[in-house]
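Scroll down for the structure; my scribbles are underneath it.
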Amino acid sequence: VAIWGFDRTVRYVRMLYCNLHVKFGKGFISTTSSTATYSPESDLIRIEMYPASQTLKPGPGQHYYLYQPVTLRGWENHPFTLGCYENANSKEDSSKLIFYIRPYDGWTRRLRDQCQKAGTEIRPKLLLEGPYGHQAPLHTFDTVLMIMGGTGIACSTHDHE
């Protein structure tokens with residue numbers, strides 16, 4: 001129980017760090033502009049987020065945990081590989097993170113149903129925790145082999161000489 005309690009405490013502190021940022025003169029800034037768009041043609045949900053913490057540096061091969069806190073199951077978190085990211089234009093902006101999710105059961109199905117009920121796009125309050133995993137230094141390899149499955153991309157590198 002102590003190990004589980006310690007793990008939960010550390011994860012909540014990390015989630016606060018990833019989603020809240022204090023700016024002098026502006027107060028608290030939180031993760032904003034979460035957009036979830038469902039495409040029936042591809043059966044994918046595209047989530048775009050702007051994390052509040054500007055110290056988080058997204059990179060290839062990393063994953064995040066996503067939470068939707070204002071639901072009946074707000075404690076649930078779901079791991080997703082980062083599908084794409086756009087770097088910030090200035091120090092005032094944060095990077096845009098993009099996730100591609102195939103809805104199956106549970107939270108992803110409920111998120112898809114919310115998008116369909118609203119048309120195709122919703123603006124849910126989402127929180128993230130991460131990044132986890134190492135950044136793969138893809139620029140150091142002559143050949144890069146990417147093995148893809150489902151909607152995520154597993155990063156694997158192989159150096160050919």
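The values are calculated or read from the model by the stated rules, or taken from the named source; none is laboratory data. This one's a predicted model, so the numbers in the text were calculated from it and none came from an experiment. All Cβ positions, even for glycine, are placed from backbone atoms using ideal geometry, and neighbour counts span all protein chains on display. Please note that ligands, DNA and RNA were not included when accessible areas were found on the heavy atoms of the full protein model with its side chains. Shrake-Rupley method; radii C 1.70, N 1.55, O 1.52, S 1.80 Å.
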*Neighbours by Cβ (under 6 Å, 6+ apart or cross-chain): first from region 106-134, free of Cβ contacts under 8 Å to residues at least 40 places away in the same chain; second of a type outside the set (Val, Ile, Thr) and open to solvent by less than 70 Å² (accessible area, probe 1.4 Å)*: 107/76; 107/78; 109/103
*Per-region count, region 102-143, residues assigned to a helix (DSSP H, G or I) and of a type in the set (A, V, I, L, M, F, W, C)*: 4
*How about region 42-63: which of its residues are modelled with pLDDT of 85 or more, open to solvent by less than 40 Å² (accessible area, probe 1.4 Å) and under 15 Å from residue 86 (Cβ atoms)?*
47, 49
_Top-ranked residue of region 23-41 - restricted to ones that are part of a loop (DSSP other than H, G, I, E, B) and at pLDDT below 90, ranked as nearest to residue 124 (Cα to Cα)_ = 31
*For region 131-144, which residues satisfy the criterion of being at pLDDT 80 or above and surrounded by 14 or more Cβ atoms within 10 Å (Cβ to Cβ)?*
131, 133, 144
